[in-house]
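One structure is given below, encoded as structure tokens.
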Amino acid sequence: MKRSLLFGCICFFAVLVFAQEDPVLMRVNGRDISRSEFEYSYRHNAVGEDGNLSPKEYAVLFARSVQMVEAAKAVGLDTTSAFRKQQEVARARLTESYLIDKSTLDSCARVLYQKMGLKACPEQVQVMQIFKYLPQTITSRHLEEQKTRMDSIYRAIQNQPGLEFSRLVEKYSDDKQSRWIESLQTTTEFEDVAFALSKGEISQPFFTPAGIHILKVTDRKDMPTYEEVADKLTERMRSREILDKATEKVVERLKKDWRYTPNQAGMEELLAIGKTGQTLFTIDGQSYTGNLFKWFAASHPQAVKRRLDAFIAKSLLDYESKNIDKRHPEIRYALQKSNGEYLIKEVTRQKVDLPAMNDRAGLATYFKFHSSDYRWDSPRYKGVVLHCADKKTAKQAKKMLKKLPENEWVDKLRQTFNASGTEKIQIEQGIFADGDNKYVDKLVFKKGGYEPVMSYPFTIVCGKKQKGPDDYREVIDCVRKDYRIYLDTYWTRELRESGKVEINQEVLKTVNNN
């Protein structure tokens, strides 16, 4: 009883100490924000137009961003498949930054590039293949049957030089396309074979995680420079399933951190007969059995020892990835930052950006109440310039336009005067400022002069001078920009008034702003 009480006191004291070390700095809509979370965001974002913002200045912006995230969650944006996908990608990238050293990754990429050069690896090869897809759940009996079948096809190719490879592809392959592949575009196993073959050469049957292949290279291109493929090489290093130099040290450290304990009996049985029902090892007390290894091995057709090493490494890395934000608070905050940025962007798109682009009623109403903001510095002429073949046509056209709305002018003129095959009128419609059109300058603004258009010597204008646009669509880009600012401001005020922000100013003063 005393021991239990003592343990409880120690735990409570530890909580108090942690709370004192990392106190609540603010509360936004009921959500507590610790000082460490605020400091992480401050270090990464507190740069304004005039330099670094003070913690007090940044606190206002930070509280607003938290309110926006909460608004996004309120409408379920954190439950969408798009959100979950970006969450997985962000977590993978952040985890990688802790599990793989970037300088090591770059050096490994350069080694891989050198190996490409030694193999005279081209930038592209054109390939066709006899391919059989092998599912991860394939039985050992079915796997052996497929291997035997591909070996038989390969022997036929060797013994019958005149046998057309394309006919075999058409008859036996799950992939019947001939295609170009770039360096680093497919799996390592596939490229190791493809780029080692000469033009016209055919490979022996080989395995990749996708299945079993017999490959023929039908053409080749030159090798790229390291700079041209550096990003793809680095991506290749990220995607490798086999333990490499970039993770070896990490895996050894994780074995200690997570109390990795091998079961020698289970491993010896697996290496001896290729399978076992025993536990192979434990990680943090959790057992990893021969059955789990079987699922992993189905998509990794390699030697058993190599598959076991890869399985151990992947299990440790996956376990660390699953728990990494618990061991490293900065990872948790980085994930929150990534998730928050996505949610803010998406909720802003729905609340502000889309209406600003597509809400015609809202745009029209905004323009109606702010039309004076769009007045021109000097009057403009809104109407048409008509170049007519004769005086009678000019008179008829002007009379007709007086009875029609402006948006029907051009169509009606063409139907009436240009539909018979003989064009009697040339038409220019628009909004013309002083200097835009020499005919408008002379006939409306009474400036300058012009030479009549050949074959259309009678030029008239029909329209009116005005101080500003009549319709928001005439200045749509400006109205959309201003309407967006209005929507954003209104939404910000709505968030502020409907939510509650409490900031502990004493804790804010202790923020490390270095």
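The values are calculated or read from the model by the stated rules, or taken from the named source; none is laboratory data. Quantities reported herein were computed from a predicted structural model and do not represent experimental measurements. Using ideal geometry, Cβ is built from the backbone for each residue, glycine included, and neighbour counts are taken over all protein chains shown. For the accessible areas, the whole protein counts, side chains as well, though only heavy atoms, and no ligand, DNA or RNA atoms are used. Shrake-Rupley method; radii C 1.70, N 1.55, O 1.52, S 1.80 Å.
Annotations for the structure displayed:
- Residue within segment 320-328 that is farther than 20 Å from residue 188 by Cβ, in contact (Cβ under 8 Å) with a residue 40 or more places away in the chain, within 23 Å of the chain's Cα centre (by Cα) and in a helix (DSSP H, G or I) present: yes
- Residue count for segment 209-226, restricted to those that are at pLDDT below 70 and either among the polar types (S, T, N, Q) or within 15 Å of residue 126 (Cα to Cα) (or both): 2.
- Within segment 432-474, if we keep just the residues that are touching a Pro at 6+ places or on another chain (Cβ under 7 Å) and under 19 Å from residue 402 (Cα atoms), the residue that is most open to solvent (accessible area, probe 1.4 Å) turns out to be 465.
- Cross-chain or 6+ apart pairs with Cβ under 6 Å, segment 184-197 first and buried (at least 18 other Cβ atoms within 10 Å of the Cβ) and of a type in the set (A, V, I, L, M), then modelled with pLDDT under 80 and not in a loop (DSSP other than H, G, I, E, B): 184/232; 184/236
- Among residues of segment 491-514 that are touching a residue at least 12 places away in the same chain (Cβ under 8 Å), those with a beta-carbon under 8 Å from a residue that is assigned to a strand (DSSP E or B) and open to solvent by 80 Å² or more (accessible area, probe 1.4 Å) at least six positions away or on a different chain give the pairs 500/27; 501/27; 502/27; 513/52.
- Condition check for residue 477: over 30 Å from residue 26 (Cα atoms) and acidic (Asp, Glu): yes
- Highlighted here are the strands (runs of 3 or more DSSP E) found entirely within segment 396-514 that include at least 3 residues which are more than 30 Å from residue 67 (Cα to Cα): 425-432, 458-466.
- Inter-residue pairs, beta-carbon under 6 Å, first open to solvent by less than 30 Å² (accessible area, probe 1.4 Å) and in segment 20-44, second of a type in the set (Asp, Glu), 6+ apart: 34/22
- Taken together, 308, 343, 335, 271 contain a single residue that is part of a helix (DSSP H, G or I) and open to solvent by 20 Å² or more (accessible area, probe 1.4 Å), which is 271.
- Cβ pairs under 8 Å, 6+ apart, first in segment 91-107 and within 21 Å of residue 332 (Cβ to Cβ) and modelled with pLDDT of 70 or more, second open to solvent by less than 60 Å² (accessible area, probe 1.4 Å) and of a type in the set (Gly, Ala, Ser): 91/321; 92/321; 94/334; 94/338; 95/321; 99/321
Conditions tested, residue by residue: (1) of a type outside the set (D, E, K, R); (2) under 25 Å from residue 320 (Cα atoms).
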residue: 266; (1), (2): yes, yes
residue: 269; (1), (2): no, no
residue: 279; (1), (2): yes, yes
residue: 287; (1), (2): yes, yes
residue: 293; (1), (2): yes, yes
residue: 301; (1), (2): yes, no
residue: 304; (1), (2): yes, yes
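- Every residue from segment 418-431 that is open to solvent by 50 Å² or more (accessible area, probe 1.4 Å), touching a residue at least 40 places away in the same chain (Cβ under 8 Å) and more than 21 Å from residue 470 (Cα to Cα): 426
- Test: residue in segment 183-192 that is part of a loop (DSSP other than H, G, I, E, B), of a type in the set (Gly, Ala, Ser) and modelled with pLDDT of 85 or more: no
- Filtered residues of segment 110-139 (kept if at pLDDT 70 or above, open to solvent by less than 10 Å² (accessible area, probe 1.4 Å) and within 32 Å of the chain's Cα centre (by Cα)): 125, 127
- Residue selected from segment 280-305 under the condition of a type in the set (A, V, I, L, M) and free of Cβ contacts under 8 Å to residues at least 40 places away in the same chain, by the criterion surrounded by the fewest Cβ atoms within 10 Å (Cβ to Cβ): 303
- Of all residue pairs spaced 6 or more apart or on separate chains, those with beta-carbon atoms under 7 Å, a first member in segment 441-457 that is among the basic types (Lys, Arg) and a second member that is open to solvent by less than 90 Å² (accessible area, probe 1.4 Å) are 442/448; 442/449; 442/450; 447/441.
- The residues of segment 373-392 that are in contact with a Lys or Arg (Cβ under 7 Å, 6 or more places away or on another chain) and surrounded by fewer than 20 Cβ atoms within 10 Å (Cβ to Cβ), listed by number, are 375, 376, 379, 382, 389.
- For segment 50-70, the set of residues classified as at positive phi and part of a helix (DSSP H, G or I) is empty.
- Condition check for residue 407: open to solvent by less than 30 Å² (accessible area, probe 1.4 Å), under 21 Å from residue 470 (Cα atoms) and under 50 Å from the mean Cα position of the chain (by Cα): no
- In segment 227-235 there is at least one residue that is under 30 Å from residue 135 (Cβ atoms) and either modelled with pLDDT of 90 or more or open to solvent by 50 Å² or more (accessible area, probe 1.4 Å) (or both).
- Filtered by the rule that a residue be among the hydrophobic types (A, V, I, L, M, F, W, C) and surrounded by 18 or more Cβ atoms within 10 Å (Cβ to Cβ), segment 49-82 gives 53, 59, 62, 63, 66, 68, 69, 71, 72, 77.
- Pairs, first without any contact (Cβ under 8 Å) to a residue 60 or more places away in the chain in segment 381-406, second surrounded by 13 or more Cβ atoms within 10 Å (Cβ to Cβ) and of a type outside the set (A, V, I, L, M), C-beta under 7 Å, six or more apart: 400/412; 400/416; 404/412
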